[in-house]
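Let me begin by presenting the structure, written as structure tokens, before commenting on it.
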Amino acid sequence: KPISDYSHEEAAAVIGGLRAQLIQYAQAYYTADAPVVEDSVYDAQYRDLQLLEQAFPDLVTPDSPTQQVGGAVLSDFTKIIHEIPMLSMGDVFSEAELAQFDQRIVAAIDQPSEYSVELKIDGLAISLRYEQGKLVEGSTRGNGTIGEDVTDNLRTIQTIPQQLAEPIDLEVRGECYMPKVSFEKLNEARDREGLPVFANPRNAAAGSLRQLDSKVTAQRQLDTLMYTIVNAQQYGITTQAQALTQLQDWGFHVTPGSIVAQDLETVHDFIDQSVKQRDQLPYGIDGVVLKVNDLNLQQKLGNTVKVPRWEIAYKFPPEEAETIVRDIEWTV
Ligand code: NAD
């Protein structure tokens, strides 16, 4: 039914139910790397919760999944504090919602924005720290402020430079993923050995990186694509597009094919192309990311408690069409 038909009491009850359900799903997904429902089911319930909380703001509490970066910190690993938090990302599911995002940006910065448009790689976020050009620490996003120290495991990934040509201090972030071929091989082997198979390459990557024995990680053939330089302005960089070029110059692999778009038409073309190419790519993508290209404007826009205001993910529709039974009518 439409949200306007909900009484306060009804909304509170539905919100409570949705939160409990989402927390349970997230636990299976982030702690055990073994989701119990498809992402599209999770996303739909999450959206219901968001809409109800928007309509009844007094019911928003800090422990709601909409107010926290989803993730887990396993006690097996040393904890790492992210001085600059590793946030989640807002998402939209239609071109109309993408246009609304753009309108919000234009209104906030008082001018049209240029966007860096990138593939959304389906893996898990990692952070790498270099001192004097030497890789000293690698971590997972964890809950956004506290991550897991997986340095030894990340050292087994060939595309991560252990030593940069320049002796600089640096923190870079990006995606650790499992190539489709490695994923198929891994699941076939696990199936033969009677072990549970991974639901998707993202969970397989997360499970493989969070291993106590780095030899196991090494066998899993993980890979990386980087997209963020923390405090990029320190290195004379002024746009996200420049950051991607600089990352490449430093020897990192970066999300390929990114473009700078001046208008939404160019973004829509990029989305169409990405959907067409999706199956041919050696890694999974689950959408396209739009980032305000100018780093000063990014800073001006800032973050909410959970997501940067200057970027958004346009999520592709789920590959296998499934019907999601829902209580709430969505309007854009
Ligand atoms: P997200 O994965 O949708 O988006 C944020 C992440 O995108 C970043 O942390 C980063 O790792 C990644 N990313 C990939 N390419 C990028 C690029 N080019 N630039 C910047 N970032 C890029 O958000 P989230 O908060 O990590 O997780 C939510 C997702 O997890 C949803 O898709 C949800 O369906 C899924 N999930 C599923 C279940 C389940 O039970 N199936 C449970 C919890 C969460």
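The values are calculated or read from the model by the stated rules, or taken from the named source; none is laboratory data. Bear in mind the structure is a predicted one, so any value in this text is a computation, not a measurement. Counting neighbours? That spans all protein chains shown, and the Cβs are built from the backbone with ideal geometry, glycine included.
Here K300, K306 are screened, and the one residue that is within 26 Å of D110 (Cα to Cα) and outside any loop (DSSP other than H, G, I, E, B) is K300. The test for being in contact with a Gly (Cβ under 9 Å, 6 or more places away or on another chain), closer than 30 Å to F198 by Cβ and within 16 Å of the ligand (Cβ to nearest atom) does not hold for T151.
Contact annotation: residue pairs with Cβ atoms under 6 Å, 6 or more positions apart or on different chains, pairing a residue in the range 63-87 that is free of Cβ contacts under 8 Å to residues at least 60 places away in the same chain with a partner that is of a type in the set (K, R) and not in a loop (DSSP other than H, G, I, E, B), are S64/R19. Of the residues I80, I15, which single one is modelled with pLDDT of 95 or more, within 16 Å of the ligand (Cβ to nearest atom) and either out of contact with any helix residue (DSSP H, G or I) (no Cβ under 6 Å at 6 or more places or on another chain) or farther than 23 Å from W310 by Cα (or both)? That would be I80, the only listed residue that is modelled with pLDDT of 95 or more, within 16 Å of the ligand (Cβ to nearest atom) and either out of contact with any helix residue (DSSP H, G or I) (no Cβ under 6 Å at 6 or more places or on another chain) or farther than 23 Å from W310 by Cα (or both). Among residues of the range 262-290 that are touching a residue at least 12 places away in the same chain (Cβ under 8 Å) and crowded, with 20+ Cβ neighbours inside 10 Å, those with a Cβ under 6 angstrom from a residue that is part of a helix (DSSP H, G or I) and of a type in the set (S, T, N, Q), sequence gap 6+ or separate chain, pair up as V288/S274.
Every condition in (1) near the ligand (Cβ under 9 Å from one of its atoms); (2) hydrophobic (A, V, I, L, M, F, W, C); (3) assigned by TED's automatic domain parsing to the domain that holds R19 holds for M89 except the one numbered (3). Go through the residues of the range 218-232 one by one and say whether even a single one is away from the ligand (no atom under 16 Å from the Cβ) and in contact with a strand residue (DSSP E or B) (Cβ under 8 Å, 6 or more places away or on another chain). Yes, the conditions are met somewhere in the range 218-232. Take F183 and decide whether it is aromatic (F, W, Y), in contact with a helix residue (DSSP H, G or I) (Cβ under 7 Å, 6 or more places away or on another chain) and surrounded by 19 or more Cβ atoms within 10 Å (Cβ to Cβ). The answer is yes for F183.
For the range 190-237, filtered to residues that are outside any loop (DSSP other than H, G, I, E, B) and among the basic types (K, R), the residue that is farthest from V37 (Cα to Cα) is K215. Kindly provide the set of residues from the range 95-137 that are more than 16 Å from the ligand (Cβ to nearest atom), more than 15 Å from E311 (Cα to Cα) and of a type in the set (S, T, Y), ordered by number. If the condition is that a residue be more than 16 Å from the ligand (Cβ to nearest atom), more than 15 Å from E311 (Cα to Cα) and of a type in the set (S, T, Y), then Y130 is the only one that fits.
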